[in-house]
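**Student:** Right, I'll just put the structure down here and ask away after.
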């Protein structure tokens, strides 16, 4: 199988991997410079860099590289370490560069109103592929979202039943009403995506959590939900809210802890009641 075709396939499927390349050779080794090996997220490999203990160590390092999403360089001296003895006449040194293969940053926006429209624009600039879902064709259309990867204009329940959301994806819920937000969150908390956010005040967030908990969803399921969504930067307008949301997604994407606090309420840890909670943002008549 062609390694480059397999890389493209992995990314299309929203999966991760790592490519190991021999970048430098000194002396005799059981392979050649530029030899490549792809390690997929399920541990399977395509290609080889020579086999033996070197390849085994590179395989393990590749697994770590795809988790950390950071490249790594390794050097192997086949002359000085007997564990690299393959029985062949090899006594050289080789350098191996391992780089992560990451899926596109795929963002599902549920809702197509004012906040969703601005979120789409800011997310596109930040390098996210965007999929828009709304039950109104007058809002969810190619004219309004020309650069979207996909657009679904149908009942939310129907769309959720037909799409496959990879674990590497991002989901932001910004529909026009609390009832739709709750329907989508009920489904989304079981998708185990990389990022899940929902717009609204802290009071609304806790109310929805409590309703879903009554249905049997464990409070722990809400631990990783960013709701209220976005970083606390004092955002008020739809444009500002979009910036706050995308900034939070970038922090997740880059494995960083921003100096600006998240607005998300940790319901699973606190179990506070709406009456005892201060709203993170003012209640509005809708999310749009």
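**Student:** Restricting to the range 53-81, what's the tally of residues that are in contact with a helix residue (DSSP H, G or I) (Cβ under 7 Å, 6 or more places away or on another chain), free of Cβ contacts under 8 Å to residues at least 40 places away in the same chain and in a helix (DSSP H, G or I)?
**Tutor:** 1
**Student:** May I ask you to say which residue of 141, 118 is in contact with a helix residue (DSSP H, G or I) (Cβ under 6 Å, 6 or more places away or on another chain), over 30 Å from residue 64 (Cα atoms) and not assigned by TED's automatic domain parsing to the domain that holds residue 33?
**Tutor:** 118
**Student:** For residue 206, state whether it is assigned by TED's automatic domain parsing to the domain that holds residue 254, on the phi < 0 side of the Ramachandran plot and surrounded by 16 or more Cβ atoms within 10 Å (Cβ to Cβ).
**Tutor:** Values: assigned by TED's automatic domain parsing to the domain that holds residue 254: yes; on the phi < 0 side of the Ramachandran plot: yes; surrounded by 16 or more Cβ atoms within 10 Å (Cβ to Cβ): yes.
Considered against the rule, which asks whether it is assigned by TED's automatic domain parsing to the domain that holds residue 254, on the phi < 0 side of the Ramachandran plot and surrounded by 16 or more Cβ atoms within 10 Å (Cβ to Cβ), residue 206 comes out as yes.
**Student:** Take the conditions farther than 18 Å from residue 118 by Cα, at pLDDT 95 or above and assigned by TED's automatic domain parsing to the domain that holds residue 116 and apply them to residue 225. Does it pass?
**Tutor:** Spelling it out, residue 225 is indeed farther than 18 Å from residue 118 by Cα, at pLDDT 95 or above and assigned by TED's automatic domain parsing to the domain that holds residue 116.
The values are calculated or read from the model by the stated rules, or taken from the named source; none is laboratory data. The model shown is predicted, which means the values in this text are computed figures rather than measured ones. So basically every Cβ, Gly included, is an ideal-geometry build from the backbone, and we count neighbours across all protein chains shown.
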